[in-house]
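Report on one structure; see the data block that follows.
The values are calculated or read from the model by the stated rules, or taken from the named source; none is laboratory data. Quick caveat, the model's predicted, so the values are computed rather than measured. Backbone-built Cβ (ideal geometry, glycine too); neighbour counts: all protein chains shown.
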Amino acid sequence: MPIVSLGIGSNLGSREERIRRAIRELSSLPHSEILTLSSLYETEPVGVRDQPWFLNACAVLKTELSPQELLLRLKGIESRMGREEIRERWGPRLIDLDILLYDSLTLNSSQLIIPHPRLHQRGFVLRPLAEIAPEWRHPVLGEKIRKLAERLPRREVVRWKGKLYA
């Protein structure tokens, strides 16, 4: 079964509880199993700065779902959790679920780009992902996640907030 990494984030309301709920929802995906979860990280917003800080985490799961089916399921979870259509790029989010990597697949369609196009530039996903999958290679850049995280500029604040238990 393919191994997939997901980014999970929230910056509105009870952020930690939203992330825990999203993980419970992910654990009920058909033909899928969560293998590991990162710790929680508090991160300053990227893009639109005038908004609450985010809590972020990453999950690694194995799944028989295709990338497109997984995306539909993630959008369903977001919708059930109250997320509306994106009104502002990089704006506030009740919950945000992103496919970061899907095995070593590269995909570029109008609905989905894998690997996530800004994965290598974002501390809020690279640091938690490096915690749980440091040796995974970015399929386009060929670099290990650990190395990409080490090379991040220090201007983005990412603070460890503790272990995450769903």
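Just a few scattered comments:
- Sole exception among (1) closer than 27 Å to TRP160 by Cα; (2) of a type outside the set (S, T, N, Q); (3) without any contact (Cβ under 8 Å) to a residue 60 or more places away in the chain; (4) in a loop (DSSP other than H, G, I, E, B) for HIS120, by number: (4)
- Residue in region 135-153 that is free of Cβ contacts under 8 Å to residues at least 24 places away in the same chain, in contact with a strand residue (DSSP E or B) (Cβ under 7 Å, 6 or more places away or on another chain), within 17 Å of SER38 (Cβ to Cβ) and loosely packed, with under 14 Cβ neighbours inside 10 Å present: yes
Each row is one residue, and each column tells you yes or no for (1) modelled with pLDDT of 95 or more; (2) within 22 Å of PRO153 (Cα to Cα); (3) in contact with a strand residue (DSSP E or B) (Cβ under 8 Å, 6 or more places away or on another chain).
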| residue | (1), (2), (3) |
| --- | --- |
| ALA22 | yes, no, yes |
| SER28 | yes, no, no |
| HIS31 | yes, no, yes |
| LEU37 | yes, no, yes |
| TYR41 | no, yes, yes |
| VAL60 | yes, no, yes |
| LEU70 | yes, no, yes |
| TRP90 | no, yes, no |
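- Any chance VAL4 is of a type in the set (A, V, I, L, M, F, W, C), in contact (Cβ under 8 Å) with a residue 12 or more places away in the chain and crowded, with 17+ Cβ neighbours inside 10 Å: yes
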